[in-house]
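Some notes on the structure that comes next.
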Amino acid sequence: DAEKMEKLSATLLACGLNLVEEADFQKIIEIIRAIRNQRTEMNIPPSKKAKVYIETAEATVFTDGIPFLQRLASASEVEVGEKFELPGAVQIITHAARALIRMDELIDREKELARLEKEREKCQSDIDFIGRKLDNPGFVAKAPAQLIEAERAKLAQHKDRMEKILESIAAMQK
């Protein structure tokens, strides 16, 4: 990831970033990285732009960084301030700032709920399939121990995934 950050740093410099201190420069890079990571985690393509609100005590640093946030964090616009009240917004936190993005700007709620429901059904079918396999005395008696362990590990992974899917569904329905 260091290589990506060097490229990002070079890109920011090439764009003409004129921040006085290296520390300020790092704060912009950190918030961009955090926003990009969160968007990736939520499967939101870079082409989907959204307004980003930056809560910080260092408004000047982040105001200077607005062009880079727009270009590199897929922000349609950026508003910098000390506090924003945006219930249900995605919050991305670094040591110097908190970025907030309204969920309804990032995703189509109904489409996302439908996608999550489909994912939940697939995950449940995987859990059921592996569960039936492990409940089958014939399979357990004949299969090598490492295969049984591998199936148990898969089952645990699917259960963890199901938990995350259910959390996402619950969060979307609030």
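The values are calculated or read from the model by the stated rules, or taken from the named source; none is laboratory data. Values in this document were obtained by computation on a predicted structure and should not be read as measured data. Positions of Cβ are generated from backbone atoms using ideal geometry, with glycine treated the same way; all protein chains shown enter the neighbour counts. Only protein heavy atoms, including side chains, enter the accessible area calculation; ligands, DNA and RNA are left aside. Shrake-Rupley method; radii C 1.70, N 1.55, O 1.52, S 1.80 Å.
When segment 123-136 is examined, which residues are found to be in a helix (DSSP H, G or I) and surrounded by 12 or more Cβ atoms within 10 Å (Cβ to Cβ)?
Selection gives Cys123, Gln124, Asp126, Ile127, Phe129, Ile130, Gly131, Lys133, Leu134.
Quick check on segment 144-157: of everything there that is closer than 30 Å to Gln38 by Cβ and of a type outside the set (D, E, K, R), which residue is least open to solvent (accessible area, probe 1.4 Å)?
If we take residues in segment 144-157 being closer than 30 Å to Gln38 by Cβ and of a type outside the set (D, E, K, R), then Leu155 is least open to solvent (accessible area, probe 1.4 Å).
How about segment 23-96: which strands (runs of 3 or more DSSP E) wholly inside it have at least 1 residues that are closer than 30 Å to Lys111 by Cβ and among the polar types (S, T, N, Q)?
75-81, 90-93
Residue by residue, here is whether (1) under 24 Å from Ala59 (Cβ atoms); (2) among the hydrophobic types (A, V, I, L, M, F, W, C); (3) out of contact with any Phe, Trp or Tyr (no Cβ under 9 Å at 6 or more places or on another chain) holds:
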position: Glu82; (1), (2), (3): yes, no, yes
position: Ile92; (1), (2), (3): yes, yes, yes
position: His95; (1), (2), (3): yes, no, yes
position: Ile107; (1), (2), (3): no, yes, yes
position: Ala114; (1), (2), (3): no, yes, yes
position: Glu119; (1), (2), (3): no, no, yes
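Pick from segment 35-82 the residues that are open to solvent by less than 20 Å² (accessible area, probe 1.4 Å) and in contact (Cβ under 8 Å) with a residue 60 or more places away in the chain: which of them is nearest to the chain's Cα centre (by Cα)?
Arg39
With the structure loaded, tell me whether Arg115 is in contact (Cβ under 8 Å) with a residue 12 or more places away in the chain, under 19 Å from Glu41 (Cβ atoms) and either open to solvent by 80 Å² or more (accessible area, probe 1.4 Å) or among the aromatic types (Phe, Trp, Tyr) (or both) or whether it fails that test.
Considered against the rule, which asks whether it is in contact (Cβ under 8 Å) with a residue 12 or more places away in the chain, under 19 Å from Glu41 (Cβ atoms) and either open to solvent by 80 Å² or more (accessible area, probe 1.4 Å) or among the aromatic types (Phe, Trp, Tyr) (or both), Arg115 comes out as no.
Take Asp160 and tell me if it is open to solvent by 70 Å² or more (accessible area, probe 1.4 Å), closer than 30 Å to Ile32 by Cβ, assigned to a helix (DSSP H, G or I) and modelled with pLDDT under 85.
no
Given the criteria out of contact with any Leu (no Cβ under 7 Å at 6 or more places or on another chain) and either aromatic (Phe, Trp, Tyr) or loosely packed, with under 11 Cβ neighbours inside 10 Å (or both), does Ala141 qualify?
yes
Condition test on Glu110, is it under 22 Å from Ala171 (Cβ atoms), modelled with pLDDT of 90 or more and surrounded by fewer than 15 Cβ atoms within 10 Å (Cβ to Cβ)?
Here the answer is no, as Glu110 does not meet what is asked.
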